[in-house]
1. Give the whole-number value, in cubic angstrom per residue, of the convex hull volume spanned by the C-alpha atoms of the chain.
2. Work through the residues other than R104 whose Cβ is under 11 Å from its Cβ and net out their charges, Lys, Arg +1 and Asp, Glu -1.
3. What FRET efficiency, computed as 1/(1 + (r/R0)^6) with R0 = 22 Å and r the Cβ-Cβ distance, is obtained for D462 and E499, rounded to the nearest 0.05?
4. Taking the 0 to 90 degree range and rounding to the nearest ten, how far is the long axis of helix 336-351 tilted relative to the main principal axis of the chain, both from C-alpha atoms?
5. Would you please state which residues of segment 369-398 a label at E484 would reach in this model, taking the label point 7 Å out along Cα→Cβ and a backbone N cut-off of under 16 Å?
6. How much mean residue ellipticity at 222 nm does the chain get from its helices, if each DSSP H run of length 4 or more adds -39500 (n - 2.57) and you divide by all residues, to the nearest 500 deg cm²/dmol?
7. If R₀ is 51 angstrom, what is the calculated FRET efficiency for the pair S151 and S376, using the beta carbon separation as r and rounding to 0.05?
8. Compute the distance in nm between two label points, each set 7 Å from the Cα along the Cα-to-Cβ direction, one at T522 and one at A143.
Amino acid sequence: MSSTPSPGPSTTTDADVPDLLAVPATSDPDARSPWWRSAVIYQVYPRSFADGDGDGIGDLPGITARLPHLVELGVDALWLSPFYTSPQHDAGYDVADYRDVDPRFGTLADADALVARAHELGLRVVVDLVPNHTSWDHAWFRAALASAPGSRERGRYLFRDGRGEHGELPPTSWRSVFGGPAWTRVTEPDGTPGQWYLHLFDVSQPDLDWSSSEVVEEFHDVLRFWLDRGVDGFRVDVAHGLVKADGLPEWDAALEMISGSLAGEGEARTPPPMWDQEGVHEIYRGWRKVLDDYDGDRMLVAEAWVQPLSRLARYVRADEMQQAFNFAYLVSPLRAQDLRDAVDATRAALDAVGAPATWVLSNHDVVRHATRLGLSTDGGNPDGLSTSDPQPDAATGLRRARAATLLMLALPGGAYLYQGEELGLPDVAVPDDARQDPTWERSEHAVNGRDGCRVPIPWEKDAPSFGFGPTDASWLPQPAVYGELALDQQRDVPGSTYEMYRAALRLRRELALGTADDLAWTDLDGAARVEDGVLAARTGAAVVVANLGEQDVVLPTGAEVLLVSGDLGADATDPGRRLLPPMTTAWLRGA
Ligand code: NOJ
């Protein structure tokens with residue numbers, strides 16, 4: 001791998017940095033302390049962000065060279081999806097060595113350089129931690145395969161004897177989240193058919209046994225390894241899955257990542273035996289102690305697909321993690337009452353434990369919201385698009401996405417952005433023969449999977465691979481529309497999605513919306529009624545109005561319009577009246 005980053009002609013490069021630094025990435029430290037309570041964290045998916053060496057796979061030097069883009073955009077931190085040594089059967093969520101960098105992405109020195117440069121630019125760095133499973137290439141799993149049943153080496157994973165006369169049936173009928181059975185039988189070192197190991201995800205991702213003290217100690221050490229290198233936090237993969245119910249009780253339903261129904265079953269329901277078990281909390285209390293030995297407000301954010309929100313709140317109690325992704329907001333239908341309910345339920349549940357809310361609309365596992373919100377599905381987390389599916393109307397999707405984003409960025413707490421959403425990128429219907437997500441094969445082509453949100457992002461319309469790297473190579477094919485949406489087509493263009501995000505992040509900081517603690521719904525004297533599909537809230541010095549209904553909303557006379565997600569309408573009979581059209585959000589002052 002080249003150590004000189006050269007991601008093609010750059011739109012935002014180091015040369016721009018002195019200017020950009022005039023706009024601090026964080027505002028008054030007192031008002032925002034600790035930083036993660038209100039931070040906007042930008043998710044970088046390393047293989048698709050910027051390719052420094054032109055092999056078609058993004059890498060760490062490519063990311064480092066593009067960090068000024070994040071400063072210009074105005075985020076506080078970046079979260080890097082896994083870049084560790086991995087055979088890449090699940091795009092790096094199958095880690096073979098937690099303390100090294102995969103050669104596809106660079107070297108440990110490149111990781112150090114990235115963290116150092118980010119800190120120089122005023123950005124914090126969160127890295128991904130994958131503790132539920134390792135790769136089957138991890139030294140521990142190889143040792144387990146080479147060892148006998150009952151050995152210490154097998155005890156780090158969930159090996160069990162099979163059922164049936166000759167152990168030929170899997171220990172339980174648990175299914176893998178990616179489709180197919182969650183158990184695979186091994187061949188013992190003597191060549192005979194042997195035990196089975198559990199993998200909630202791909203066959204290449206054996207689940208660790210967290211009742212093993214060796215596993216617990218190893219991850220404390222991995223945390224320290226990266227904390228010593230200066231990272232500011234960890235995003236914890238499958239945080240609700242590490243502990244399985246005693247005895248691995250039977251569960252024959254299809255396995256989804258989510259524990260509990262979105263409709264909100266009571267807390268009394270029994271979670272499936274692989275999710276949201278009481279024992280996970282002890283693990284996170286241990287991790288919190290490790291982090292608390294370090295200065296600088298290091299943090300943990302849980303990827304825990306659990307419902308109801310009172311269960312999610314248990315991951316962010318005072319002695320556990322600092323944040324948890326709030327998927328209730330992501331999966332909500334774009335309707336005023338549903339969103340209001342999601343916001344209220346989130347704030348109530350998290351306030352109860354003193355944790356900040358977080359908000360997110362897109363990530364590397366879901367259909368990008370510029371497309372998702374244009375589908376006829378009513379909320380939820382739909383499967384990716386296939387080329388033979390009817391394609392949603394791009395303009396409608398983008399319009400709704402921009403409205404949803406401006407509502408989200410006005411809410412108090414932390415917010416997560418996924419690379420490319422600032423460009424309004426749609427999800428891509430990746431041709432079947434180019435699909436890489438293991439769900440495609442494991443589901444026997446029943447599930448399209450997540451490739452559509454992982455396509456390398458565009459920086460310059462007329463450059464090879466739209467500026468992703470110096471060559472045309474791209475590990476997933478980029479659609480032509482990515483050229484039209486490239487950063488250089490939107491930068492300094494009034495009304496572009498990029499400039500909307502930039503303005504929103506600047507205003508959010510100036511108005512301290514992330515730390516506001518007084519959000520209150522209002523109907524603006526009857527002009528913004530939730531029954532008419534309109535959501536309006538006062539927060540700090542601002543009023544946010546999201547018109548998700550079917551009629552124009554007349555904005556209060558005299559109010560200053562700070563930002564709007566689309567064009568305002570005018571009343572032909574009264575030019576002084578400003579109209580907020582359907583599927584548009586505005587930020588106001590003085591309303
Ligand atoms: C959640 C990650 O976000 C996803 O990409 C991955 O496939 C699974 N966890 C398994 O690690």
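1. Details: hull volume 88.2 nm³, N = 591.
Spelled out: Cα convex hull of the chain, divided by residues, is 149 Å³.
2. On the way: positive: R47; negative: D51, D53, D55, D59, D102.
Residues close to R104 contribute a combined charge of -4.
3. Working: r = 20 Å, r/R0 = 0.93.
Taking R0 as 22 Å, the efficiency between D462 and E499 is 0.60.
4. 60 degrees
5. Within reach of a label on E484, which here means backbone N under 16 Å from a point 7 Å along Cα→Cβ, segment 369-398 contributes 370-371, 391-398.
6. On the way: 15 runs with 142 residues, N = 591.
So the helix-based figure for the chain works out to -7000 deg cm²/dmol.
7. Numbers: r = 53 Å, r/R0 = 1.04.
About 0.45, to the nearest 0.05.
8. The modelled label-to-label distance comes out at 6.2 nm.
The values are calculated or read from the model by the stated rules, or taken from the named source; none is laboratory data. All values reported here derive from a predicted model rather than from experimental measurement. So basically every Cβ, Gly included, is an ideal-geometry build from the backbone, and we count neighbours across all protein chains shown. For accessibility, only protein heavy atoms count, side chains too; no ligands or nucleic acids. Shrake-Rupley method; radii C 1.70, N 1.55, O 1.52, S 1.80 Å.
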